[in-house]
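We did not get these values from a lab; they are worked out from the coordinates using the rules stated. Just so it is clear, the model here is predicted, and its values are computed rather than measured.
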Amino acid sequence: MLLEVSKPLVENLLAKQDKDLFTVSDVFDYPLPDAPDANFNLVVCESCGEVVAENKVHLKDGKALCLPCSGYRA
Ligand SMILES: [Zn+2]
């Protein structure tokens, strides 16, 4: 069923000329937005001492814990 829908679309696309699919121009500057700051802060698990990426730390009873020590089961 999916092939019934996609096959005519693909065949239509493949039958087109490059000039109908692409626009070629001179190279131009394109301003990119600033990337968000990467988070490389590390935290030491207060139970086992494992180093954990800050965004993966689990807070439990006021302690910063790694996933296994937090008891969390995905
Ligand atoms: Zn731990």
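Collect residues whose amide H, placed 1.01 Å from N in the peptide plane, falls under 5 Å from the amide H of Lys63; neighbours closer than 5 in sequence don't count.
Sorted by chain and number, the residues that satisfy this come to none at all.
What lysines could a cross-link reach from Lys16, if we take a straight Cα to Cα line under 30 Å and drop same-chain neighbours fewer than 8 places away?
Lys7
To the nearest 10 degrees, how steep is helix 2-14 against the longest Cα principal axis of the chain, on a 0 to 90 scale?
Helix 2-14 sits at roughly 60 degrees to that axis.
Return the aspartates and glutamates within reach of Lys60: Cα separation strictly under 15 angstrom, same-chain partners fewer than 8 residues apart disregarded; answer none if there are no such residues.
Glu46
Which of rounded, prolate, oblate describes segment 2-70, given a ≥ b ≥ c as roots of the alpha-carbon gyration tensor eigenvalues and a/c under 1.5 marking rounded, otherwise prolate only if a/b is larger than b/c?
Oblate shape, in that a/c is at least 1.5 and b/c is the bigger or equal ratio.
Whole-Hz Karplus ³J(HN,Hα) for segment 25-36, in order, using 6.51 cos²θ - 1.76 cosθ + 1.60 and θ = phi - 60°, x for Gly and Pro?
Per residue, the Karplus-derived 3J(HN,Hα) values read 9, 5, 5, 9, 6, 10, x, 9, x, 4, 6, x Hz.
Normalising by the residue count of the chain, find the relative contact order in percent from Cα pairs under 8 Å and 6+ residues apart.
Relative contact order here is 17 percent.
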